[in-house]
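**Student:** I'd like to ask some things about the structure below.
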Amino acid sequence: MKTPFTLNSQLSTLNLFVITALLCLCLSTNAQPSESIRRNQVGYYPQQEKVIVVEGLNPGNKLRVTTPDGKTLKPKTKVRKAVSPLSQKTRYVITLDELSAPGDYRVSLGSESCVLHVSERPYRDIATASLRLFYLIRSGVPIIDAVYSRPLGHPDTQVLVHNSAASPLRPAGTVISSPYGWYDAGDYNKYVVNSAFSIGLMFAAYEQQRDYFAQLSTSIPATVSEASASGPNATPDLLDEIMFNLQWLLTMQDPYDGGVYHKLTTPNFEGFIMPKDCRQQRYVVAKSITATLDFAAVMADAARLFEPYQQDYPGFSAQAAAMAERAYQWAKDHPNAFYMQHTLKDPAITTGTYADMSARDEFFWAATALWRLTGKQTYLDDAHQNQPQQFTTPSWGNVASLGAFECLAEVPQLSTLNAPLGPTGRLPKQELTPLRDTMLHQLNDFCDKAIEGVDQSSFQSPYGNSPRDFGWGCLAEHCCCQAFALLYADKISGNEKYRRYALQNADYLLGRNATGYCFVTCFGDKSPLHPHHRPSAADGIDAPFPGMLVGGPNPGQQDKRDMKNSVYPSNVPDESYIDDAESYASNEIAINWNASLVAFISWIDALADPLSPLSPSNP
């Protein structure tokens, strides 16, 4: 819920992020993190298990802990030996008991030591920073920030229709206005497929944690449509920030036929320069079935979720609903309109493709979202026809799980847009029951397989135990999204079976891993300083934007021939990571990856609710 933006009010509320950015620089350059003791560098709940992993040293009886009040104790421990199936390295996995009072505990082993932070809200700062990152990567507006201010870049009010996107009423060369939205990744382009997926994933988290997001404040400026408001609005900050990207997506539908352009892009990637210095012409390129269906799904959800906030966004829900249905019909009428970049000429386009040659998963997501919005049988029929055979972690290339989350979400109050109300004012739940039951079975089966063998793993986590866990964007698609699925199943089943394992993935992500990195910028005492991210590299500020999740270890090393000054330290799957701006294969950032971080870490932060078993008030 944002107030109208002024510079003074903004500066007065940014102390958290100023301190975070400065600490990022100081801690990462001056601190001496232990190379042998791997642990969650951000923090633990009081009742959360405290696990560290020791590499290269046998802990024996040498482990000591200094308590927050300065006392030294030899804690009760459970120690097991683990041999990595990836590197064959021997490690010791140690569970520390009795560290439940809030405070900082120093763990020492010989000359090595580290600090374990125990707090009632250990994840609040990282949850806030990961969401606030989306403000810092806004396109088409000036960014005003105590550290990362920059002038407006890419206004996108003079965008050309590429010949691949031409239609009779919008021929090639037509000038259109398509402003706002988020820069996609390390580059400055905007892609419908990835934008819609990112929003869809955060919508799924929002629907399960509405109370949490209603009170999560990011202290960021108003969205464009709020700029002239006379007082604070009632919309949660997450939805407000999503609206900034939705405002761009609305411009990507051809108003004459309902198809959606695949992306807004320059012909080639810009260099490592600031947005204001970019000079290439920008185009909307080719309508595709995948972009159009992703657009339909996210607009259908947006129509529902923004309906309670009509005062802040008058007319939006009706507009989004109509555009969603029109996009879906275009996709039905163009079943073979797949994006094929190699066919594009005059000019050729060489930027990110976000292409795949199956739209079955996109149809499933869009159909379930539109059924929830409208209650029309045709959408439910299409959902049944395109349902997946198994649950897979959500990714831009396979969005079937977002359709599964639509089926598993609590059936909401019906929109008043088109659908008839049942006797209770809700969609008839029994109509969805067979599909819901199938999706729940698939989700539980996925989660049960994910947690197999954790107690024998090298880092005490579901993620990171197979070569298949590592690759492009693995920390998002395989670590965060796996944990998000565990939390989703945990809530749906109501048996608290999976949350312990989701928290273990947080431990892995935040430092208890083979590299010793906390993979979120400006958090922990060893985090990435040189992400593949043009503004962070070109702005003259040593610290990168706070709250960015990097892609992570990638044994494919697709960028190694392009790196002029660095080489990967290892070919072992979980060690194949380098903190270098040249490394787009392991160290880039992207909105879909940060969306997975927001969804996962915010849900973990929500576990501090007094009713959570992990809450200090409910040990």
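The values are calculated or read from the model by the stated rules, or taken from the named source; none is laboratory data. Because the structure is predicted, anything quoted here is derived from the model rather than measured. Every residue, glycine among them, receives a Cβ derived from its backbone with ideal geometry; neighbour counts consider all protein chains shown. Calculation scope for accessible area: heavy atoms of the full protein, side chains included, ligands and nucleic acids excluded. Shrake-Rupley method; radii C 1.70, N 1.55, O 1.52, S 1.80 Å.
**Student:** May I ask you to say which residue of Ala369, Ala321, Ala291, Ala331 is touching a strand residue (DSSP E or B) at 6+ places or on another chain (Cβ under 7 Å) and either part of a helix (DSSP H, G or I) or open to solvent by less than 50 Å² (accessible area, probe 1.4 Å) (or both)?
**Tutor:** Result of the check over Ala369, Ala321, Ala291, Ala331: Ala291.
**Student:** Kindly provide the set of residues from the stretch 94-124 that are among the hydrophobic types (A, V, I, L, M, F, W, C) and within 29 Å of the chain's Cα centre (by Cα), ordered by number.
**Tutor:** Cys114, Val115, Leu116, Val118
To keep it simple, each residue is scored yes or no on (1) more than 25 Å from Asp605 (Cβ to Cβ); (2) touching a helix residue (DSSP H, G or I) at 6+ places or on another chain (Cβ under 6 Å); (3) not basic (Lys, Arg).
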| position | (1), (2), (3) |
| --- | --- |
| His441 | yes, no, yes |
| Asp445 | yes, no, yes |
| Asp448 | yes, no, yes |
| Glu452 | yes, no, yes |
| Ser458 | yes, no, yes |
| Gly464 | no, yes, yes |
| Ala483 | no, yes, yes |
| Tyr488 | no, no, yes |
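**Student:** Further, regarding this structure: Find the residue count for the stretch 510-522, including only residues that are of a type in the set (Ser, Thr, Tyr) and open to solvent by less than 10 Å² (accessible area, probe 1.4 Å).
**Tutor:** The number of residues fulfilling the criteria is 1.
**Student:** Being outside any loop (DSSP other than H, G, I, E, B), touching a residue at least 40 places away in the same chain (Cβ under 8 Å), of a type in the set (A, V, I, L, M) and out of contact with any Cys (no Cβ under 7 Å at 6 or more places or on another chain) is the requirement here; does Ala595 meet it?
**Tutor:** yes
**Student:** For the stretch 103-136, what are the residues that are over 17 Å from Ala599 (Cβ atoms) and part of a loop (DSSP other than H, G, I, E, B)?
**Tutor:** Those that are over 17 Å from Ala599 (Cβ atoms) and part of a loop (DSSP other than H, G, I, E, B): Gly110, Ser111, Ser119, Glu120, Arg121, Pro122.
**Student:** Hey, another quick one. Given the residues Leu25, Leu57, Leu63, which is the only one that is touching a Leu at 6+ places or on another chain (Cβ under 9 Å), at pLDDT 85 or above and not basic (Lys, Arg)?
**Tutor:** Among Leu25, Leu57, Leu63, only Leu63 is touching a Leu at 6+ places or on another chain (Cβ under 9 Å), at pLDDT 85 or above and not basic (Lys, Arg).
**Student:** Go through the stretch 230-279 and give me each residue that's under 22 Å from Ala537 (Cβ atoms), open to solvent by 10 Å² or more (accessible area, probe 1.4 Å) and not in a loop (DSSP other than H, G, I, E, B).
**Tutor:** Scanning the stretch 230-279 gives Lys276, Asp277.
**Student:** Exactly one of (1) surrounded by 13 or more Cβ atoms within 10 Å (Cβ to Cβ); (2) over 30 Å from Trp603 (Cα atoms); (3) without any contact (Cβ under 8 Å) to a residue 40 or more places away in the chain is unmet by Thr72. Its number?
**Tutor:** Just one mismatch for Thr72, condition (1).
**Student:** Further, regarding this structure: Which pairs do you get when a residue that is more than 17 Å from Ser401 (Cβ to Cβ), found in the stretch 202-213, comes within reach of a residue that is open to solvent by less than 10 Å² (accessible area, probe 1.4 Å) and of a type in the set (S, T, N, Q), reach meaning Cβ atoms under 7 angstrom, with the pair 6+ apart or on two chains?
**Tutor:** Gln209/Ser602; Tyr212/Ser602
**Student:** Return a yes/no flag: does the stretch 536-552 have any residue that is surrounded by fewer than 24 Cβ atoms within 10 Å (Cβ to Cβ) and free of Cβ contacts under 8 Å to residues at least 24 places away in the same chain.
**Tutor:** yes
**Student:** Scan the stretch 144-181 residue by residue and report those that are in a strand (DSSP E or B) and under 15 Å from Met274 (Cα atoms).
**Tutor:** Residue satisfying the conditions is Arg150 alone.
**Student:** Check whether at least one residue in the stretch 425-447 is open to solvent by 10 Å² or more (accessible area, probe 1.4 Å), touching a His at 6+ places or on another chain (Cβ under 7 Å), under 30 Å from Ala590 (Cβ atoms) and at pLDDT 95 or above, and report yes or no.
**Tutor:** No.
**Student:** What number of residues within the stretch 306-318 satisfy the criterion of being free of Cβ contacts under 8 Å to residues at least 12 places away in the same chain and buried (at least 19 other Cβ atoms within 10 Å of the Cβ)?
**Tutor:** Qualifying residue count for the region: 0.
**Student:** Further question on the same structure: Which of the residues belonging to the stretch 165-185 are touching a helix residue (DSSP H, G or I) at 6+ places or on another chain (Cβ under 6 Å) and open to solvent by 40 Å² or more (accessible area, probe 1.4 Å)?
**Tutor:** Scanning the stretch 165-185 gives Ala172, Tyr180.
**Student:** Looking at (1) among the small types (Gly, Ala, Ser); (2) buried (at least 18 other Cβ atoms within 10 Å of the Cβ); (3) on the phi < 0 side of the Ramachandran plot, can you tell me which one Gly140 breaks?
**Tutor:** In the conditions (1) among the small types (Gly, Ala, Ser); (2) buried (at least 18 other Cβ atoms within 10 Å of the Cβ); (3) on the phi < 0 side of the Ramachandran plot, Gly140 misses (3) alone.
**Student:** Given (1) assigned to a strand (DSSP E or B); (2) crowded, with 21+ Cβ neighbours inside 10 Å; (3) not polar (S, T, N, Q), identify the lone condition not met by Ala196.
**Tutor:** Unmet for Ala196, out of (1) assigned to a strand (DSSP E or B); (2) crowded, with 21+ Cβ neighbours inside 10 Å; (3) not polar (S, T, N, Q): (1).
**Student:** How about the stretch 271-286: which of its residues are more than 24 Å from the chain's Cα centre (by Cα) and either on the phi > 0 side of the Ramachandran plot or not hydrophobic (A, V, I, L, M, F, W, C) (or both)?
**Tutor:** The answer is Gly271, Lys276, Asp277, Arg279, Gln280, Gln281, Arg282, Tyr283, Ala286.
**Student:** Taking the stated definitions as given, is Val83 under 32 Å from the mean Cα position of the chain (by Cα), open to solvent by 10 Å² or more (accessible area, probe 1.4 Å) and more than 28 Å from Ser217 (Cα to Cα)?
**Tutor:** For Val83, the condition - under 32 Å from the mean Cα position of the chain (by Cα), open to solvent by 10 Å² or more (accessible area, probe 1.4 Å) and more than 28 Å from Ser217 (Cα to Cα) - is met.
**Student:** Taking the options Asp507, Asp525, Asp490, name whichever one is open to solvent by less than 10 Å² (accessible area, probe 1.4 Å), among the acidic types (Asp, Glu) and either in contact with a Phe, Trp or Tyr (Cβ under 7 Å, 6 or more places away or on another chain) or outside any helix (DSSP H, G or I) (or both).
**Tutor:** Of the residues listed, the single one that is open to solvent by less than 10 Å² (accessible area, probe 1.4 Å), among the acidic types (Asp, Glu) and either in contact with a Phe, Trp or Tyr (Cβ under 7 Å, 6 or more places away or on another chain) or outside any helix (DSSP H, G or I) (or both) is Asp490.
**Student:** Let me ask something else about it. Quick check on my filter: what residues within the stretch 372-408 are under 23 Å from the mean Cα position of the chain (by Cα) and in a loop (DSSP other than H, G, I, E, B)?
**Tutor:** Within the stretch 372-408, Pro388, Gln390, Phe391, Thr392, Thr393, Pro394, Trp396, Gly397, Val399 meet the criteria.
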